Amino acid sequence: MYKHHIFVCESCQYETEKGPSDPALGKILRKNISSKVKEMFSTGDVCVTGSGCLGQCEQGISSVIYPKGEWINGLRPGDEIRIIEKLTKR
Ligand code: FES
């Protein structure tokens, strides 16, 4: 059983200077988080899963970390560290 399970919405869009963002940015963020997790944690400690809408559509990409049920919203690709910090500051 994983210590942490991170769900990242792959449907979120947010407003940019050029209009709504590409929802594929959620997939990019999820892949970036997975890469960081592989670098920094033991196999089997953390699972990263892409999801559909998590019902937290705000100003960026939404994610939630279980089992604590901790939400991190307003994410962009490049914000992987915001998630990693939540896992390491316990
Ligand atoms: S579309 Fe991402 S939380 Fe709703």
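Using the Karplus curve 6.51 cos²θ - 1.76 cosθ + 1.60 with θ = phi - 60°, work out ³J(HN,Hα) for each residue of the range 65-79 in order, rounded to whole Hz, and write x for Gly and Pro.
10, 9, x, 6, x, 8, 8, 10, 10, x, 7, 9, x, x, 8
Select from L75, V46, N32 the residue farthest towards the positive end of the dipole of the chain; place +1 on Cβ of Lys and Arg, -1 on Cβ of Asp and Glu, and compute about the Cα centre.
Positive-end residue among those listed: V46.
State the antiparallel share, in %, of DSSP beta bridges confined to the chain, rounding to the nearest 5. Before the final figure, lay out the partial values.
Working: 10 of 16 bridges.
So the antiparallel bridges amount to about 60 percent of the total.
Hey, can you grab everything whose amide H is under 5 Å from the amide H of V48? Only 5+ residues off in sequence or another chain; H modelled, so Pro and N-termini drop out.
Amide H neighbours of V48, under 5 Å, 5+ apart: I6.
Per 0.36 nm of contour for each residue apart, how much would the distance between E85 and M40 grow if the chain were fully extended, relative to their Cα-Cα spacing?
Roughly 15.1 nm would be gained on extension.
Let me check against my output: what whole-number percent is the relative contact order of the chain, with C-alpha pairs under 8 Å and at least 6 apart?
About 38 percent, as a whole number.
Round to the nearest 10 and give me the degree value, 0 to 90, for the angle of helix 24-40's Cα axis relative to the longest principal axis of the chain.
Its long axis makes an angle of about 20 degrees.
Taking 18 Å as the cut-off for C-alpha to C-alpha distance, list the pairs among K3/K27; K3/K36; K38/K68; K31/K68; K36/K89 that go past it.
With Cα atoms farther than 18 Å apart: K3/K27; K38/K68; K31/K68.
Would you mind working out the magnitude of the charge dipole of the range 4-88 relative to its Cα centre, with +1 at each Lys and Arg C-beta and -1 at each Asp and Glu C-beta, to the nearest 20 Debye?
180 debye
Give me the number: length gained by fully extending Y14 to Y66, i.e. 0.36 nm times residue separation minus the C-alpha to C-alpha distance, one decimal in nm.
Stretched out fully, the Y14 to Y66 stretch lengthens by 16.3 nm.
Read the figures in this text as sums done on the coordinates, not as results from a lab. What you see is a predicted model; the values in this text were computed from it and never measured. Neighbour counts run over all protein chains shown; Cβ positions are idealised from the backbone, glycine included.
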